[in-house]
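Student: Have a look at this one before I ask anything.
The values are calculated or read from the model by the stated rules, or taken from the named source; none is laboratory data. Fair warning: this is a prediction, and the values are worked out from it, not measured in the lab. In this analysis, Cβ positions are derived from the backbone assuming ideal geometry, glycine residues included, and neighbour counts consider all displayed protein chains. Only protein heavy atoms, including side chains, enter the accessible area calculation; ligands, DNA and RNA are left aside. Shrake-Rupley method; radii C 1.70, N 1.55, O 1.52, S 1.80 Å.
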Amino acid sequence: MIRYVVARTEEHWAAYNDDQHDRQPRPLCEELVALAGHGEGRPALDIGCGAGVETSTLLRAGWRVHAIDSAPGTPERVWRTVGDRDGLTIEVNDLSTLGELPAVDLVYAGYSLPYLAPRDFPRIWAMIRKSLRPGAWLAVNLFGERDSWASNPSETFLTEAAARSLFDGLHIVRFVEEDAPGESYSGLKHWHVFDVIARLQP
Ligand SMILES: C[S@@+](CC[C@H](N)C(=O)[O-])C[C@H]1O[C@@H](n2cnc3c(N)ncnc32)[C@H](O)[C@@H]1O
């Protein structure tokens, strides 16, 4: 198996996100929106929002979205995707520097949390859990230990048991494991990913 250790800098993410405007929304976000229903102006977080493709999906579904990403140029990128729309706030910030997140009814973190350092991940996960109001929905992609990038010590890779334990106290609605080769922005790799949707009991 090929092993990679890649330095994913803010410039790397800016270039990656510049390429994302025209893609379809990720199925996990579409499923989340179908399950959570119309937002009716309720607050949501898009954590590691990238180019804002899923931010746009959430806004169209009636959620007020606070979109966070550390990549330079994020506001311009997200506005380009979203257009002129009410209900959007954008924060350019490194998650590892945040003390707390606003209380929300939905959190979407698409392919962003695995890029946190293992030393930061538990605190940021606790912050995300704390932001969930009763009845809130949470959808995330997590990376598993058999991922091609798992030897990178600055990113977070989990066993299935560790991934599942993150949702203790939540109702897991979907837990799907991908464990197969596939394309990535940096070429062919082995993807080991857990796609999870969970809900805090109302
Ligand atoms: C693979 S991209 C995913 C972007 C988008 N959610 C998507 O699905 O296309 C990972 C995103 O996480 C952001 N990110 C990585 N580490 C971060 C951190 N510590 N704080 C905030 N954002 C971070 C990157 O800037 C990038 O936009």
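Student: Which count do you get for residues in region 39-52 that are over 14 Å from Leu101 (Cβ atoms), touching a strand residue (DSSP E or B) at 6+ places or on another chain (Cβ under 9 Å) and open to solvent by 20 Å² or more (accessible area, probe 1.4 Å)?
Tutor: Residues flagged as over 14 Å from Leu101 (Cβ atoms), touching a strand residue (DSSP E or B) at 6+ places or on another chain (Cβ under 9 Å) and open to solvent by 20 Å² or more (accessible area, probe 1.4 Å) within region 39-52 amount to 2.
Student: Any idea which of Ala117, Ala103 is open to solvent by 40 Å² or more (accessible area, probe 1.4 Å), touching a Ser or Thr at 6+ places or on another chain (Cβ under 7 Å) and on the phi < 0 side of the Ramachandran plot? Before the answer, list the steps.
Tutor: Details: Ala117 fails: open to solvent by 40 Å² or more (accessible area, probe 1.4 Å).
Within the list Ala117, Ala103, the selection yields Ala103.
Student: Next question, about the same structure. Return the residues of region 61-76 that are small (Gly, Ala, Ser), within 17 Å of the chain's Cα centre (by Cα) and within 15 Å of Gln20 (Cα to Cα); say none if nothing qualifies. Outline the logic, then answer.
Tutor: Step one: list which residues in region 61-76 are small (Gly, Ala, Ser), which gives 61-62, 67, 70-71, 73.
With within 17 Å of the chain's Cα centre (by Cα) added as a condition, the list becomes 67, 70-71.
Ala71 - this is the single residue of region 61-76 that is small (Gly, Ala, Ser), within 17 Å of the chain's Cα centre (by Cα) and within 15 Å of Gln20 (Cα to Cα).
Student: Kindly evaluate Gly73 against the criterion of being within 15 Å of the ligand (Cβ to nearest atom) and on the phi > 0 side of the Ramachandran plot. I'd like the intermediate steps shown before the answer.
Tutor: Details: within 15 Å of the ligand (Cβ to nearest atom): yes; on the phi > 0 side of the Ramachandran plot: yes.
So Gly73 passes the test.
Student: Do we have Asp18 as open to solvent by less than 40 Å² (accessible area, probe 1.4 Å) and of a type in the set (D, E, K, R) here?
Tutor: Details: open to solvent by less than 40 Å² (accessible area, probe 1.4 Å): no; of a type in the set (D, E, K, R): yes.
When the stated conditions are applied, Asp18 does not pass them.
Student: Could you look through region 15-52, keep only residues that are within 14 Å of Val104 (Cβ to Cβ) and part of a helix (DSSP H, G or I), and pick out the one that is nearest to the ligand (Cβ to nearest atom)?
Tutor: Residues of region 15-52 within 14 Å of Val104 (Cβ to Cβ): 32, 36, 39-47, 49.
Now restrict to residues that are part of a helix (DSSP H, G or I): 32, 36.
Numbers: Leu32: 12, Ala36: 17 Å.
The selected residue is Leu32.
Student: Considering only residues that are open to solvent by 40 Å² or more (accessible area, probe 1.4 Å), in a helix (DSSP H, G or I) and of a type outside the set (D, E, K, R), which ones fall in region 53-80?
Tutor: Residue satisfying the conditions is Trp79 alone.
Student: Working carefully through the options Ser96, Ser151, find the one that is more than 15 Å from the ligand (Cβ to nearest atom) and under 22 Å from Glu10 (Cα atoms).
Tutor: Details: Ser96 fails: more than 15 Å from the ligand (Cβ to nearest atom).
Answer to the selection: Ser151.
Student: What about Ser186, is it farther than 25 Å from Leu106 by Cα, in contact (Cβ under 8 Å) with a residue 60 or more places away in the chain and exposed (fewer than 14 other Cβ atoms within 10 Å of the Cβ)? Give the steps one after another, and end with the answer.
Tutor: Details: farther than 25 Å from Leu106 by Cα: yes; in contact (Cβ under 8 Å) with a residue 60 or more places away in the chain: yes; exposed (fewer than 14 other Cβ atoms within 10 Å of the Cβ): yes.
Against the criterion (farther than 25 Å from Leu106 by Cα, in contact (Cβ under 8 Å) with a residue 60 or more places away in the chain and exposed (fewer than 14 other Cβ atoms within 10 Å of the Cβ)), Ser186 qualifies.
Student: Can you tell me which of (1) acidic (Asp, Glu); (2) modelled with pLDDT of 95 or more; (3) open to solvent by 10 Å² or more (accessible area, probe 1.4 Å); (4) closer than 24 Å to Ser154 by Cα is the one Glu11 doesn't meet?
Tutor: (2)
Student: Something else now. Looking at Arg129 and the list (1) part of a helix (DSSP H, G or I); (2) surrounded by fewer than 16 Cβ atoms within 10 Å (Cβ to Cβ); (3) more than 15 Å from the ligand (Cβ to nearest atom), which single condition is not satisfied?
Tutor: (2)
Student: Residues of region 155-169 being part of a loop (DSSP other than H, G, I, E, B) and either modelled with pLDDT under 95 or open to solvent by less than 20 Å² (accessible area, probe 1.4 Å) (or both), which ones?
Tutor: Kept after step one, since they are part of a loop (DSSP other than H, G, I, E, B), are these residues of region 155-169: 155-156, 159, 166-169.
Glu155, Thr156, Phe167 - these are the residues of region 155-169 that are part of a loop (DSSP other than H, G, I, E, B) and either modelled with pLDDT under 95 or open to solvent by less than 20 Å² (accessible area, probe 1.4 Å) (or both).
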